[in-house]
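Peer 1: My questions all concern the structure below.
The values are calculated or read from the model by the stated rules, or taken from the named source; none is laboratory data. The structure displayed is predicted, hence computed values, not measured ones. All Cβ positions, even for glycine, are placed from backbone atoms using ideal geometry, and neighbour counts span all protein chains on display. SASA here: full protein model, heavy atoms, side chains in, ligands and nucleic acids out. Shrake-Rupley method; radii C 1.70, N 1.55, O 1.52, S 1.80 Å.
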Amino acid sequence: MNDKKALTRERILTAASTALIARGPVEPSVSEIMGAAGLTVGGFYAHFDSKEALMLEAFSQLLAERREMVASIDDRLPGEERRALLAAFYLSRRHRDAQEHACPLPTAIGEMTRLSEDFRDALSEHVELMVAQLAASPEEADKTLADIALMVGGLALARALGPSELSDRVLRAAKSAVL
């Protein structure tokens, strides 16, 4: 792939990622994504076979970025401390209100049953890798899985409530359950 085509593909993926974080993988249209990338719809198929292929790649890329962030947490810390540090960031007002560089799971999980098995496979792989990153031992795996579920569910509920006192309470309650 030449440099210009690679840069254009990256612009499309960036626009798709932003749309996916905001509204999930189903709702954004190809024309909306291409418009956000500053391109016309006509060039879409030179880069992706389908909207689903684009959204799956954007979803997988966003999940990989989340794992990179988690990998930056000092792995010499006990698993519980790593999860507490992650929860402090993940269940924050700043992350709840983020428009970019936010976790795609709160908007995507409700749509998983309407998506191809490839999306569920990507999600399953991500959850397994996150557990492996955050659990200091096999004995911590189930607690880690519960903490991940609590963080994602807590953030999803807090985002659904919008910036409000109740939303802030949800964040605090979920964070205290992880800590």
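Peer 1: How many percent of the accessible area of the chain is carbon or sulfur, using a 1.4 Å probe?
Peer 2: Taking all protein chains in place, the chain shows 55 percent carbon and sulfur surface.
Peer 1: Can I ask one more? Nearest 20 debye, what's the magnitude of the dipole of the stretch 51-141 about its Cα centre given +1 on Lys and Arg Cβ and -1 on Asp and Glu Cβ?
Peer 2: Roughly 400 debye for the stretch 51-141.
Peer 1: Can you compute the charge dipole magnitude of the stretch 5-54 about its Cα centre, using +1 on each Lys and Arg Cβ and -1 on each Asp and Glu Cβ, nothing else charged? Give it in debye, rounded to the nearest 20.
Peer 2: My answer is approximately 140 debye.
Peer 1: Just to confirm the filter: which GluC sites (Glu not before Pro) across the stretch 40-106 are DSSP coil and have at most 11 other Cβ within 10 angstrom of their Cβ?
Peer 2: Passing sites in the stretch 40-106 are Glu100.
Peer 1: Another one. Distance between the C-alpha centers of the stretch 54-110 and the stretch 138-179? Whole Å please.
Peer 2: 12 Å
Peer 1: Could you provide, to the nearest whole Å², the per residue accessible area of the stretch 140-179 with probe 1.4 Å?
Peer 2: 50 Å²
Peer 1: Skip the ligands, DNA and RNA, and give the accessible area per residue of the stretch 1-89 with a 1.4 Å probe, whole Å². Each step should come with its number before you reach the end.
Peer 2: Details: 4620 Å² over 89 residues.
Per residue, the stretch 1-89 has 52 Å² of solvent-accessible surface.
Peer 1: May I have the convex hull volume per residue, in Å³, for the Cα set of the stretch 26-72?
Peer 2: 86 Å³
Peer 1: What spacing in nm lies between the two simple spin-label points modelled at His101 and Ala177, each 7 Å away from Cα in the Cβ direction?
Peer 2: Label-label distance for His101 and Ala177, simple model: 2.8 nm.
Peer 1: Something else: Scanning the chain for helices, which whole DSSP H stretches are 18 Å or more long along the axis (Cα) and average -1.0 or more by Kyte-Doolittle?
Peer 2: 3-23, 51-71, 117-134, 141-161, 165-178
Peer 1: Related question: Give me the distance in nm between label points sitting 7 Å out from Cα along the Cα-to-Cβ direction at Asp118 and Thr14, one decimal.
Peer 2: 2.4 nm
Peer 1: What is the dipole size for the chain, taken about its Cα centre, with +1 at each Lys and Arg Cβ and -1 at each Asp and Glu Cβ, in debye to the nearest 20?
Peer 2: So the dipole magnitude of the chain works out to roughly 600 debye.
Peer 1: Please state the relative contact order of the chain as a whole percent: Cα pairs under 8 Å, 6+ residues apart?
Peer 2: Taking the mean separation of contacting Cα pairs over the length of the chain, I get 26 percent.
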